[in-house]
Amino acid sequence: MGADHIVPALIERVERCEPREVVERLEPFVLEERRARLKSVLDARLESVAVLFDSPHDPHNGAAVLRSCEAFGVQTLHVLERPQRPFLVARAVARGAEKWVDIVRHASVADAVARARAAGFELIGTHPEGELDPEALAGVPRLMLVLGSEREGIAEELSAACSRRVRVPMRGFVESLNVSVTAAILLSAATRGRAGDLPTAEKARLYARGLFFSVNRARELLDEAR
């Protein structure tokens, strides 16, 4: 099993179990300080802000965007994959963020847009001439920030699905920033002042995941309980 598949396989393993079962089995092996830390982070986690990354090329950029999602409490990163271009994460850059952020992969623009709209998100694309300043994002009730690939930007079909565009104001000669830097700036603005809003069931699922990654023999302990 390649390194890129290890963490998803571990997540799949723990999430085959009911969260209550995982908590009952693993919580006694976790210090109270660690339990409190997990719960505190999850209480601040956001379901109302998500990211849709259009066909990233560079695993380092993909990892950096993933890491920004984790840093700013964004629970879900949607990725639009193209044929022969799977989403890969440079784990040295992600620094463990891949354990905590849910990655949802889409094979088509239509699927990604339909999922976003069904969940009540407004799609807002990034563009150097966008009409919105970053600070405006904090006032969007349910925001899906759309990021373009490093080479092609946002695909035309996906751009057409965005209701508005946001820019990062700049004073220099360059017209744009690296996509991962743009993501960090905009997520900082979009999440500022938002209260955590994960549903209770989601917090339970992620708390169980946190316990799993906090216990050295978690797999063996769960297998023994079955």
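Observations, loosely collected:
- Inside segment 27-56, residues that are touching a strand residue (DSSP E or B) at 6+ places or on another chain (Cβ under 6 Å) and not in a strand (DSSP E or B) make up a count of 2.
- Annotation: Val104 fulfils all but one of (1) at pLDDT below 90; (2) under 24 Å from Val7 (Cβ atoms); the unmet one is (1).
- Residue list for segment 5-15, filter: under 15 Å from Glu220 (Cβ atoms) and either free of Cβ contacts under 8 Å to residues at least 40 places away in the same chain or of a type in the set (Lys, Arg) (or both): Arg13
- Identity of the residue in segment 179-224, open to solvent by 70 Å² or more (accessible area, probe 1.4 Å) and more than 25 Å from Glu24 (Cα to Cα), that ends up farthest from the chain's Cα centre (by Cα): Gly193
- Qualifying residue in segment 21-39 (condition: at pLDDT 85 or above, surrounded by 15 or more Cβ atoms within 10 Å (Cβ to Cβ) and within 17 Å of Thr191 (Cα to Cα)): no
The values are calculated or read from the model by the stated rules, or taken from the named source; none is laboratory data. Here the structure is a predicted model, which means the values were calculated and not measured. When we count neighbours, we look across all protein chains shown, and the Cβ atoms used for this are built from the backbone with ideal geometry, even at glycine. Just the protein is used for accessible areas: all its heavy atoms, side chains included, with ligands, DNA and RNA removed. Shrake-Rupley method; radii C 1.70, N 1.55, O 1.52, S 1.80 Å.
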